[in-house]
Structure formats: structure tokens, C-alpha cells
1. Given (1) of a type outside the set (Gly, Ala, Ser); (2) in contact with a strand residue (DSSP E or B) (Cβ under 8 Å, 6 or more places away or on another chain); (3) surrounded by 13 or more Cβ atoms within 10 Å (Cβ to Cβ), identify the lone condition not met by TRP181.
2. For segment 64-85: of the residues being among the small types (Gly, Ala, Ser) and crowded, with 16+ Cβ neighbours inside 10 Å, which is nearest to GLY117 (Cα to Cα)?
3. Looking at segment 155-169, which of the residues that are open to solvent by less than 60 Å² (accessible area, probe 1.4 Å) and out of contact with any Phe, Trp or Tyr (no Cβ under 7 Å at 6 or more places or on another chain) is nearest to SER137 (Cα to Cα)?
4. Does VAL99 meet the test of being within 13 Å of the ligand (Cβ to nearest atom), out of contact with any helix residue (DSSP H, G or I) (no Cβ under 9 Å at 6 or more places or on another chain) and either open to solvent by less than 40 Å² (accessible area, probe 1.4 Å) or within 25 Å of GLU161 (Cα to Cα) (or both)?
5. Name the residue, out of LEU112, LEU78, LEU69, LEU88, that is at pLDDT 95 or above and more than 9 Å from the ligand (Cβ to nearest atom).
6. What number of residues in segment 195-243 are away from the ligand (no atom under 16 Å from the Cβ), part of a loop (DSSP other than H, G, I, E, B) and under 20 Å from the mean Cα position of the chain (by Cα)?
7. Could you please tell me which pairs satisfy a Cβ distance under 6 Å, a separation of 6+ or placement on different chains, a first residue in segment 21-50 that is in contact (Cβ under 8 Å) with a residue 40 or more places away in the chain, and a second residue that is open to solvent by 20 Å² or more (accessible area, probe 1.4 Å) and among the acidic types (Asp, Glu)?
8. Out of all the residues in segment 10-35, which are open to solvent by 10 Å² or more (accessible area, probe 1.4 Å), within 17 Å of the chain's Cα centre (by Cα) and not aliphatic (A, V, I, L, M)?
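The values are calculated or read from the model by the stated rules, or taken from the named source; none is laboratory data. Since this is a predicted model, take the numbers as computed values, not measurements. Backbone-built Cβ (ideal geometry, glycine too); neighbour counts: all protein chains shown. Ligands, DNA and RNA are excluded from the accessible area calculation, which covers all protein heavy atoms including side chains. Shrake-Rupley method; radii C 1.70, N 1.55, O 1.52, S 1.80 Å.
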Amino acid sequence: MAATRDETATARTIVLDVPGWPGHLAGQHVDVRLTAQDGYSTERSYSIASAPPDGGAGPPVVELTVQRLEDGEVSPYLTQTLAVGYPLELRGPVGGWFVWNPDGSAGARPVLLVAGGSGVVPLMAMIRARAATGTQSPFRLVYSVRGPDDALYAAELAERERADDGLHVAYAYTRKTPQGWPVPPGRIGTGVLTAPGWTPDRHPAVFVCGPTGFVEAAANVLVNAGHNPRAIKTERFGPSGGQ
Ligand SMILES: Cc1cc2nc3c(=O)[nH]c(=O)nc-3n(C[C@H](O)[C@H](O)[C@H](O)COP(=O)(O)OP(=O)(O)OC[C@H]3O[C@@H](n4cnc5c(N)ncnc54)[C@H](O)[C@@H]3O)c2cc1C
């Protein structure tokens, strides 16, 4: 591990130097394996947060952002114990479905991203990949979090939104809102998922990622609002249940 960056009080980005990394697409993940001295080992999946390396020009760096679950087996180790210089065993990149590839036909299409909690991680890779490749397709991120202090990448998202007319970010708070926020906290609904210019007749590609219940609720709202179910790609983060 090459470096760490705290994103919130309970989430940390870990920066990995991966010699021989073959590159990846935005949205893919890696499988991280931890092995104890007695030989017990366990594995969890983590989305890649960083944009794909630029044609091999930069160093092969892979960033993961891990949300700590206090009673978790793996996430406390990755966010509190793993230190710079420690090795980490990983396999990947994994997954070819939940990906946004600016080189393909997807590069011209509007993209609606819907995140619940740490489900923002692969969507952030897509936002970073869009910026890195100079792709013009409009992006809208709807990001559901418990409260303002729980939002990952808040400063970077604000900066990217300021610098780029084609990127819009909307927050939905489930437990605590910033002062003066116009709507009370609550579950994600049609109001925030539809916005002027983001109606289903624009046929955006839609990516939804987060905890299982969140993904199902958000996908239902989108389909009921008129989005084509086949245009909606989903990724569920957990609970892991030994996956
Ligand atoms: C494709 C994929 C990509 C993922 N990417 C990320 C990522 O980028 N960042 C990230 O932080 N996590 C990500 N996850 C979730 C991650 O794999 C682990 O499930 C998570 O870190 C918890 O592992 P743990 O060992 O700490 O907890 P465990 O010991 O597995 O579980 C502890 C307790 O928490 C519950 N639990 C487990 N996972 C979750 C969850 N995701 N949400 C709510 N409760 C849960 C369990 O039911 C159990 O009660 C991803 C999962 C998948 C399938």
C-alpha cells in the first residue's frame, strides 16, 4: 500500500501500487484477500475508485475507498490497521457489466448515476474517467447519504461540478440534512431522481449502486418514473454474507 487518505470519520481511501496492473474500466472492482498467520483467509470485493490509468502513461495506481463497519471482519482492518508499505493480496479487475466505457457508444449518451452510501465509489471512477478522457456526455449524480458528514468525495465533487457545466450533483439525506436544506430527511424518491433535463425520454444510461435495499428501492422508483429497465444497471454492495 502506497498511501492513505481519510474521506470521512469512517471511510478511508487506500492507494495501491500494483506492478503489472493490466488497467481497468470505470465501475470494475477487485477482490481483496486477507490471510492470517494460522492460514485462515477471507475475501471481500471493493470497487476501484480511481479512473483507469491513462494508456499506461502514469504509474499503475489503483485506489479503493472502504467504509468501515464497526462489527465487520475486513473493513476495520483496511481502514485502521493496514499501513503504508504493507502488502495486500488482490485479484482483478473483476466485472464487465457494471462499467462505463467512454470509448464505446456509451461515450455520447447522458449518464444518470444513483448512489447509496459507499455505492458512490464505482460511480466516482466513472466521473473521474469522464474528466480524464474529456468526454462531453452530461452526467448527473444523485447521492443518498445519512448526513452531510457521511458524504464521500464531497469537496472533489463540488470542485468538479463548479469546473464543468456537464456534471450535476444532487444530494438526498436520509437522517440529517444541512442547515436550511429545503426538504426533510427521508428515503430517495421521484423528486430527486427526476430533474429538468433528466426525464426518461432522454434515454440516459443509468447506474445504481449501494446496499441491496437501496438499489431495489431506487430502481423501482426509476422504472415507475418511466425509465427503460434494460437501461438500468445495478450493483449491490452487501451485506456480504460470505460472498
Ligand atoms: C462488487 C462489490 C463492490 C464493493 N465495493 C465496496 C467499496 O467500494 N467500498 C466499501 O466500503 N464496500 C464495498 N463493498 C462491500 C464489501 O465487499 C464488504 O461487504 C464490506 O466492506 C463489509 O465487509 P466486512 O468484512 O467489514 O463486514 P462483514 O464481516 O462481512 O459483515 C459485518 C456486518 O455488516 C453487514 N454488512 C456487510 N456488508 C455490508 C454492507 N455493504 N452494507 C451494510 N451492511 C453490511 C453484515 O451483514 C454483518 O452484519 C462491495 C461489495 C461488492 C459485492
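1. For TRP181, the exception is condition (3).
2. Of everything passing the filter in segment 64-85, SER75 is nearest to GLY117 (Cα to Cα).
3. Only one residue fits best here, namely ASP164.
4. It is false that VAL99 is within 13 Å of the ligand (Cβ to nearest atom), out of contact with any helix residue (DSSP H, G or I) (no Cβ under 9 Å at 6 or more places or on another chain) and either open to solvent by less than 40 Å² (accessible area, probe 1.4 Å) or within 25 Å of GLU161 (Cα to Cα) (or both).
5. LEU112
6. The number of residues fulfilling the criteria is 1.
7. ASP31/GLU43; ARG33/GLU43; ARG33/GLU89; ALA49/GLU63; SER50/GLU63
8. THR10, ARG12, HIS24, GLN28, HIS29, ASP31
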